[in-house]
Each structure stands twice: as structure tokens, then as C-alpha cells.
1. Tally the DSSP beta bridges in chain A and give the antiparallel ones as a percent, rounded to 5.
2. I want to verify a result. In a Gaussian network model of chain B, Cα cutoff 10 Å, which of these has the top mean-square fluctuation: B:Ile293, B:Ile133, B:Ile49?
3. Quick one: grab the alpha carbon gyration tensor of region A:152-206, order the square roots of its eigenvalues as a ≥ b ≥ c, and give me rounded if a/c is under 1.5, else prolate or oblate depending on whether a/b is larger than b/c.
4. Rounded to the nearest 0.05, what FRET efficiency is calculated for B:Ser4 and A:Ile199 with R0 set to 41 Å and r the Cβ-Cβ distance?
5. When ranked by the protection proxy of mean other Cβ atoms within 10 Å per residue, highest first, what sequence do the peptides B:151-159, B:270-278, A:195-203 form?
6. With axes computed from alpha carbons, what is the tilt in degrees of helix B:177-195 against the longest principal axis of chain B, rounded to the nearest 10 within 0 to 90?
7. Given region A:1-53, what whole percent of its Cα pairs are spread farther than 18 Å?
8. Run through every distinct alpha carbon pair of the protein assembly as shown and return the Kirkwood hydrodynamic radius in angstroms, one decimal place.
Amino acid sequence: MKALALLSGGFDSPVAIYLMKNKLETDALHFSLEPFTNDIPEKKSIELCKKLGIKNLYVINHSREHEEIVNKCDHRYYYVISRRLMYKVAEELAKKLNCDYLLDGCNIGQVSSQTLSNLSVITQAINIPVLRPLLCYDKDQIIKLARKIGTYELSKGPEMCNILGPKHPHTRSRLEIIEKEESKININKLLEDSLKNIILKNVIKT
Amino acid sequence: MRYSRQEILIGREAQDLIRNKIIAIVGLGALGTNAANLLARSGINLILIDYDKIDLTNLQRQNIFTEQDINKNKVEVAKNYLEKVNQDIKIKVYNEKLDKDNLSLIKSDLVLDCTDNLETRFLINEFCYKNNIPFVHAAAIQDKGVIFNIIPGKACFNCIYKFTGDIERCEDLGVLNTITTLISSLQVNEAIKILLNKNYETNLIRINLSNNNIEKIKINKNPNCEICKGSSTEKNFELKLCKTGATLTLRTNKPLNLEKIRKSFGVLRDAKVTLLLDIDNEQVIINKNGEIIFKTLRDEDKIMRIANQIYQIGR
């Protein structure tokens, strides 16, 4: 069995990958928002893959797509809409790579954009099963584990936050509303463009 | 070694920090000379501005001058003396009267107002407010004195003082050297606290030595102040490292007009509420809430220059 893990460079996703490591073969996918952020998240992702023994890291620059979403859709749904697109992209890539699952570090109760209702709407964008081993972990547990497995130091460093996000995102979303917002952008075109932008980083094992 | 006694109190880091700071002192009278003396000994670089010559009546309270110095330029005598006190610091002097044409001489990390007239004080206030420089106002006459920290974004000199032609003068009313040294010591102490961003006084302080009364007076911004009214919010920004230490960020409470900014700067990327700009070959991210993020720039002077440009255009 194989999974495609979504790897941001933060604390959560590496821990999620670690927890499933012995049960699955794993490739990783990182979305970069450069130049709206710096190159640190991507560099962190590469280092984390080394640490976790992941050979293939795919990187997609998604700044144009996020720009389009900010420009056309209700800003307070930015996180939900952009994540739905990212998961769609991940799903397509997973198919190509013969992956059976997506794997992510989502957990509820951490940030206002990651509520059950938002996660539900995000996941309804795709048809591939998503593994969320951290769903009910709290931050302390995740940090403790990250320290134990040695990813804490790699995830910790200075990183620019996503400045495209709204100050007060909607914590609840309904599929109909999100789909209406999405009709303002050409999702299929954005999906196609994203898939053209994939770069494979061969991470050398250390 | 030189600073070991004060390092025990303020710490090594603080000492290293003030070593790189420059304080401009306007006026080398009783307050200015004492302040310069204390600051030079504390290891802070100085800019000294005064156009006067030393006369006999100065010696009662201007404690770095001697009888040999009479008729010499104040700034030059001060420089000679202070360089003998501490050769590690840099001292720049200007034998000029500060006016609106040469105001930029006071560009520094902090300004000490040690002048004897209101006109110059209003000029200093306006310049400092516009350029985001804190200054410490001090004044003494007879046996009374006052000091007040003027911090960009907070109440300014113009919020509390009215411009009047006549001002009480020491040559008419007299002044004791005890009040001038006391007030200027307080002024220097506050200046260092401001530079270290540590617990500086927010009240105006008035001291009266005839009865040893010390009053602290709370000062609010004057909503009708011509200097900081309307412009108060855009000056009210603080520069800080973001949570993870990745970038330097400026925040204001006032939204920016992105339309105007689009027209005036090179826009690299445009995400409606967030723009990535190229300003002087630096990548700068701004959003409509008035946040400015410098992706790589760390030079605070340059950051302030760029931020002022943005706020002026986007207001």
C-alpha cells in the first residue's frame, strides 16, 4: 500500500507520516507559495523527508492558484477553497503515482480554519481516502512526538506565515456555499495548471 | 572594563546595544552639557548642535566648560572635552542654529531637547514625529524642571504646549545648577530606557526643588493636535520580528489604500488584499490592513524609509 503525504514543513505532517511509516510506502507533496513566502518551507520539507526516509518529494508552486482564489472568491473562505484545490491536485498526483491514500497532519481544534465542518467540506472535494492519524491529537502531544522522532528541530525554525489568509476565516462552511464561490474560478484550469508545475525532488537519504 | 559598573545593572547585551546608538543633543546649555557628559561616559555616540559661544555666566551650571573656554564655540570645546573622557565613542558637532532648513542634522536614534526656546522645540517635535524618532523634552528654570518622553505614535509636544512668543528665560528669572543637573540626569536616564525599550516613563514629570515636590502627570493625545492628528495612526507603527523570527514586520491600525500603492510602486504579484512589491530592489509584502512585511531586509533605517514612503502614499 502506498500513500501520498501532504507535507507543509510545520510540526504536524511529519508526525503523521511517522505514525504511518511502517504500514505504508510514502511519497510526499509540498505546495510552495513563493514568492508570497520565502523558500524556507520548501527547504524544511526537503530536510524532513530526509529525516523521515522519504525518497520522493513533489513540489508544486501554488502561488498563482492561491492568488486567483484571493482575487475572485470570498476571502473568508480562502482556506477551505484553497485546500479543496490542493487536495484535488494531490488526488490527481496520487492516481498517477498509484497511491491508495492521501495522508495529512490535520487535527481539529488547533486553528480556526481546521474545524470538523471545514475538514468535511475540504474532504468532499475528492474521492480518494484520506488518512488523518493526528485528527484528535492536541498540540502538546504532537510537539512531544515531534521532539521524540527528531523532526521538532527541523520544523521549528523561522518561517513566514501565509500572508494571503484572512484575519478571521469562516470556521463553518457549507458545501453549497463553497461550490458557489468556486464557480467564480475555473477549478479545472487551475487543477491542470497545478499539475503542470510539479517538480520532483529526489531526496537523498542520509 | 570601562563600563563594568553600569553593565552590572543594565547587562552586557544592553551595553552592546547602546554602543551602536546615536543620540542628538540640541542645545549645549546646562541641560545639554550635563547630558552630553553623562552619555559620553555611558558609551553612547553623540551629535551635538549649538551655535553659541561660552561666556562667564555659563560656568555656574554648564559643567564641562572652564574659564579657559570663554569665547570659544560650545560644540568644539564640548567635543574636545568629551573625547578626552571617552575616545571609544563617535562625536559629531555642528556649530549651527537649528532651523527648518538644517533640521535633518538631528537624524539619530533619539533626540534630547535641551534648547531654551519653544520655536526649536516645535521644529524638533515635527521632525521627530515624521521620522519616527523618540525625543525627550526637558526644561528647567529657577528651581523647577520638567521632562517628558515623546514617543512616536503617542502624545507629542504639540499636544500639550501652545506656541507663544514669550517664554520665561533663565537670564531674567534665574536658575539653579541643582535643578538643571537633576533634570538632565533624569532626561539621560529616560533616553537610555527608551533606547533599551525598557520601562520608560509615560507621564510628564515636574519637579519643584523648593518643596521637593515631584508630580507625575498623565498626558493624553490631543485629538485636535495639528502634528499628530490624522497622521497619528500611521505613525503609530511598531517594527517587530514576526512570531517565528523569519521576517521584520510593521503593523498599523490604519488600512492602506492599495489602489494608490499599485500606481506608485512596482507590483510583482497582486492578490487583491495583498501585494508583493519591488521597492529599491527589496521584496516587500503589504496588505490592506496596513501590515508591511520585509521578506529579507533587516536594515532598520531602510525599512523605516520604505515604510514611510508606503504610508505616505497609501494613507
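1. Looking only at bridges with both residues in chain A, the antiparallel portion is about 25 percent.
2. The residue that fluctuates most here is B:Ile293.
3. oblate
4. After rounding, the FRET efficiency stands at 0.15.
5. The most tightly packed comes first, giving B:151-159, B:270-278, A:195-203.
6. The angle comes out at about 20 degrees.
7. 27
8. 27.0
Values quoted throughout were computed directly from the atomic coordinates according to the rules given, and no laboratory measurement underlies them. Model, not experiment: these values are computed from the prediction. Neighbour counts run over all protein chains shown; Cβ positions are idealised from the backbone, glycine included.
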